[in-house]
Amino acid sequence: MQATSQDRQVLAARGSLGRRTLGRDWRIAWIFLAPLLVVMIGLIAYPFVNAIVLSLQYKMVGQAPEWVGLGNYAELLWGAQYSPIFRHSVVVSLLYTVVAILAKLVLGMAMALLLNEKFKGRSFMRGLLFLPWAMPTLIVALAWRWIYDGTPSGMINLMRIDVFHQKTLIQFLANPDYSLWSVIVATIWQGTPFWTMMLLAGMQAIPDQLYEASAIDGANVWQRFWYITVPQLSSVLVVTCLLSTIWTANSINFIYILTRGGPAGATMTFPMLALDIGVTGAKQMGMAAAISVLFFPLFIVAIYFLTKRMLSAEAQT
């Protein structure tokens, strides 16, 4: 009985020491976490909450806000003034994002497969192909604006006149039939190196023994690619696709510099529409905030699957 009493005293002393240590550790942890929490609240939580509150108001630049509740959302979805252009921007955004992502995937995979092979000058080619992604977006957009210029000084029209002796000028950015596809090409040109870099890094981690064993079993090039390369790159493909989708859908750099959402709304994606309504056009800040908030759940879903995929990949390793 005496031993039991002593054991209880020892356990109580250890528990008291553990609670004091844990409390001290938590205080130290909060000291280190405080700067991060301040940054998250100031740069993420507050702007997000403010955007939601703003979307529930009729707020013109330079005027006092007026509370309208869900009026901005109702106008975007069913109203006569903004509903048509909002629905059109959804279609343009989906087309712009889906085509750009698919093209980046195909081109990025092809370039990664090429750069994964051993050949003379491979290092130079890697640096050259990564250059578009490393360049500032403003410089790239201005370069493509000169390429698409509808005057005889534009690069494509100049080549058509001097080389092919064509007299007609193509208005790539002023013609609704060409403008969106022209912006998509420029977006693909800059974004493909990111896909190439991610896929190439994934290919470098695939063991050579898998390819050697499949070659011994008689697998051809296509079979090795489909049954070895693609499954081994599944995690990289998911993460890259989600990141690129979020960046492409939210980007307005190329559209703003090349077309400003025109002509006739042909390149008016939803971020560009929010900018046009809130800043450059009607200056209705509440409506612009409502546009952004409406699309926020889509990005939350994408971020959720991205985080879930990354955590599951880490757990497997």
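The values are calculated or read from the model by the stated rules, or taken from the named source; none is laboratory data. Given the structure is predicted, the values throughout are model-derived calculations rather than measurements. Reconstructed Cβ throughout: ideal geometry from the backbone, glycine too, with neighbour counts over all protein chains shown.
Things worth noting here:
- So Tyr46, is it without any contact (Cβ under 8 Å) to a residue 12 or more places away in the chain, within 18 Å of Ala290 (Cα to Cα) and surrounded by 10 or more Cβ atoms within 10 Å (Cβ to Cβ): yes
- Scanning the stretch 236-265 for residues that are in a loop (DSSP other than H, G, I, E, B) and either crowded, with 21+ Cβ neighbours inside 10 Å or among the charged types (D, E, K, R) (or both) turns up Thr259, Arg260, Gly261.
- The stretch 143-163: number of residues that are over 18 Å from Asn253 (Cα atoms) and assigned to a loop (DSSP other than H, G, I, E, B): 6
- Residue match in the stretch 205-227 (condition: within 30 Å of His88 (Cα to Cα) and in the same structural domain as Val91 (by TED's automatic domain parsing)): no
- Flag for Ile246 being among the aliphatic types (A, V, I, L, M) and under 15 Å from Ser93 (Cα atoms): yes
- Residues that are of a type in the set (Asp, Glu) and at pLDDT below 90 within the stretch 149-182 comprise just one, Asp162.
- Qualifying residue in the stretch 83-96 (condition: part of a helix (DSSP H, G or I) and in contact with a Lys or Arg (Cβ under 6 Å, 6 or more places away or on another chain)): no
- Pick from the stretch 115-128, criterion of a type in the set (A, V, I, L, M, F, W, C) and assigned to a helix (DSSP H, G or I), ranking: farthest from the chain's Cα centre (by Cα): Phe124
- Any hit, the stretch 164-175, residues being free of Cβ contacts under 8 Å to residues at least 12 places away in the same chain, out of contact with any helix residue (DSSP H, G or I) (no Cβ under 8 Å at 6 or more places or on another chain) and assigned to a helix (DSSP H, G or I): no
- Residue in the stretch 129-142 that is of a type outside the set (Ser, Thr, Tyr), part of a loop (DSSP other than H, G, I, E, B) and either closer than 30 Å to Gln204 by Cβ or in the same structural domain as Ser244 (by TED's automatic domain parsing) (or both) present: yes
- Top-ranked residue of the stretch 31-83 - restricted to ones that are in contact with an Asp or Glu (Cβ under 8 Å, 6 or more places away or on another chain) and polar (S, T, N, Q), ranked as modelled with the lowest pLDDT: Gln81
Each row is one residue, and each column tells you yes or no for (1) surrounded by 13 or more Cβ atoms within 10 Å (Cβ to Cβ); (2) farther than 17 Å from Gly191 by Cα; (3) without any contact (Cβ under 8 Å) to a residue 24 or more places away in the chain.
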site: Val53; (1), (2), (3): yes, yes, yes
site: Gln57; (1), (2), (3): yes, yes, no
site: Leu76; (1), (2), (3): yes, yes, no
site: Leu102; (1), (2), (3): no, no, yes
site: Leu128; (1), (2), (3): no, no, yes
site: Pro132; (1), (2), (3): yes, no, no
site: Ala141; (1), (2), (3): yes, no, no
